1. For the stretch 94-120, how many residues meet the condition of being outside any loop (DSSP other than H, G, I, E, B) and under 24 Å from G185 (Cβ atoms)?
2. In this structure, does T78 turn out to be of a type in the set (S, T, Y), on the phi < 0 side of the Ramachandran plot and open to solvent by 10 Å² or more (accessible area, probe 1.4 Å)?
3. Taking the options A224, A217, name whichever one is farther than 30 Å from R129 by Cβ, open to solvent by less than 60 Å² (accessible area, probe 1.4 Å), within 27 Å of the chain's Cα centre (by Cα) and among the hydrophobic types (A, V, I, L, M, F, W, C).
4. For the stretch 15-60, enumerate the residues that are touching a residue at least 60 places away in the same chain (Cβ under 8 Å), surrounded by fewer than 18 Cβ atoms within 10 Å (Cβ to Cβ) and in contact with a strand residue (DSSP E or B) (Cβ under 7 Å, 6 or more places away or on another chain).
5. What are the residues in the stretch 61-75 that are open to solvent by 70 Å² or more (accessible area, probe 1.4 Å) and either at positive phi or touching a residue at least 40 places away in the same chain (Cβ under 8 Å) (or both), if any?
6. Given the conditions (1) open to solvent by 60 Å² or more (accessible area, probe 1.4 Å); (2) touching a residue at least 24 places away in the same chain (Cβ under 8 Å); (3) not in a strand (DSSP E or B), report the number of the one that A90 does not fulfil.
7. Do the conditions hold for R157, that is, is it of a type in the set (K, R), within 25 Å of K38 (Cβ to Cβ) and assigned to a helix (DSSP H, G or I)?
8. Hey, among E280, E256, which residue is open to solvent by 60 Å² or more (accessible area, probe 1.4 Å), farther than 25 Å from A110 by Cβ and among the acidic types (D, E)?
Amino acid sequence: MPERCFNRAKRSDDMTETYGIIGLGTMGRVLARGILAKDSQAKIVGSTHSHQTSDRASAELGIQIERDNVRLVQRAQTLLLCVKPHQAHALIGTIAPVLTREHLLISICASVTIEDLRAWSGERCAIIRAMPNTPCQIGEGMTVLAGGEEIDDTLMRRASRIFDELGRTVVIDESLMDGATGLSGCGPAYAYLIIEALSDAGVKLGIPRVTATAMAAQTLLGAAKMLLERGVHPASLRDEVTTPAGCTIDGLMAMEEGRLRSTLMNGVVAAAERSRRLREGS
């Protein structure tokens, strides 16, 4: 088996590198835009088997398109694997012979583990798992990164720089990835459900639908931004809104009686458990 030695990660952060994006679907194009937002002169090569997708990506982003993934790997140092999870095994098998210790492979394939990628690639390159969520498309995403023991701070910074342009980035242990799937990966859907419910309440109270939806969405956006900027516990900010004998406490009591808090918690746990079962093939 090839030697696993990644000390070459001392590479300077300022060195120009070429990014290879394997799969130019929605998230592949989002990542390309993020890289170009940070450096409009960045070198990016993308690959796709669809002529329609490649033509659109080339026109939209102005990046080079490579039809052969082997040639793409030979041209790029940082590789972004943006294919569907069931396609990953065969694709990695195709490019494995030309992977080297100079490559950093960043996979956004859900439920595909670092150990899977190591086995399929013959342990020829450094590997990081990334889980971006859909708001990355508007620069307000949450991306979770996890790396194996060969990943040092320099390599993790290389990955973080890409996703930082798309929102916020955190690094966790890979063992927590199922939890991250249930929380931030699936989280936008929970937020949309909450916004829809708040909007319905507004309609019930006579507020027009469009106005009620805008009120609900902006309220959640503002509350989230305030929490992130202040960096305090959510309960502290909730107390700022909740005046004694006021309207808010009545609303909170009704939500507690409806078990909103435990329902949301159970939803995240259920999604995380489903992620674990998919990863284990059960």
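The values are calculated or read from the model by the stated rules, or taken from the named source; none is laboratory data. The model shown is predicted, which means the values in this text are computed figures rather than measured ones. Cβ: placed from backbone, ideal geometry, glycine included. Neighbour counts: every protein chain shown. Ligands, DNA and RNA are stripped out before the accessible areas are found, and what is left, the full protein with its side chains, is counted by its heavy atoms. Shrake-Rupley method; radii C 1.70, N 1.55, O 1.52, S 1.80 Å.
1. So the answer is 11.
2. The answer is no for T78.
3. The match here is A217.
4. If the condition is that a residue be touching a residue at least 60 places away in the same chain (Cβ under 8 Å), surrounded by fewer than 18 Cβ atoms within 10 Å (Cβ to Cβ) and in contact with a strand residue (DSSP E or B) (Cβ under 7 Å, 6 or more places away or on another chain), then E17, T18 are the ones that fit.
5. If the condition is that a residue be open to solvent by 70 Å² or more (accessible area, probe 1.4 Å) and either at positive phi or touching a residue at least 40 places away in the same chain (Cβ under 8 Å) (or both), then R75 is the only one that fits.
6. It is condition (2) that A90 fails.
7. Numbers: of a type in the set (K, R): yes; within 25 Å of K38 (Cβ to Cβ): yes; assigned to a helix (DSSP H, G or I): yes.
The answer is yes for R157.
8. The conditions single out E256.
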